[in-house]
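*Asks:* Sending over a structure as structure tokens; questions will come in a sec.
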Amino acid sequence: MYQHRNWQGALLDYPVSKVVCVGSNYANHIKEMGSATPEEPVLFIKPETALCDIRQPL
């Protein structure tokens, strides 16, 4: 289970239900990939079950 940590590694008590991500947001990378810049933002989510702590194995 994912848990937030501060920069010193101490656990923080913040609930996580999902992470909202923005894709195709770097113009140079879009150009490198030969893709067209989308007219609308590309949004997707990662559920809590897709997250892991930096110290946990994948």
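The values are calculated or read from the model by the stated rules, or taken from the named source; none is laboratory data. Computed from a predicted model, the values in this text were never measured in an experiment. Here the Cβ is made from the backbone with ideal geometry for all residues, glycine too, and neighbour counts use every protein chain on show.
*Asks:* Here are some residues: I45, I54. Which one is among the aliphatic types (A, V, I, L, M) and assigned to a strand (DSSP E or B)?
*Replies:* On inspection, the qualifying residue turns out to be I45.
*Asks:* Does the range 32-57 hold any residues that are in contact (Cβ under 8 Å) with a residue 40 or more places away in the chain and loosely packed, with under 10 Cβ neighbours inside 10 Å, and which are they?
*Replies:* Hit for the range 32-57 is I54, nothing else.
*Asks:* If you scan the range 17-34, which residues turn out to be among the charged types (D, E, K, R) and more than 20 Å from E48 (Cβ to Cβ)?
*Replies:* K31, E32
*Asks:* State the number of residues belonging to the range 12-24 that are surrounded by 11 or more Cβ atoms within 10 Å (Cβ to Cβ) and either of a type in the set (G, A, S) or at pLDDT 85 or above (or both). Show your work before the answer.
*Replies:* So in the range 12-24, the residues surrounded by 11 or more Cβ atoms within 10 Å (Cβ to Cβ) come out as 16, 18-19, 21, 23-24.
Filter again for either of a type in the set (G, A, S) or at pLDDT 85 or above (or both), leaving 18-19, 21, 23-24.
Total satisfying the criteria: 5.
*Asks:* Right, another one. For the range 34-58, name all the residues that are of a type in the set (A, V, I, L, M, F, W, C) and modelled with pLDDT of 90 or more.
*Replies:* Result: A36, V42, L43, F44, I45.
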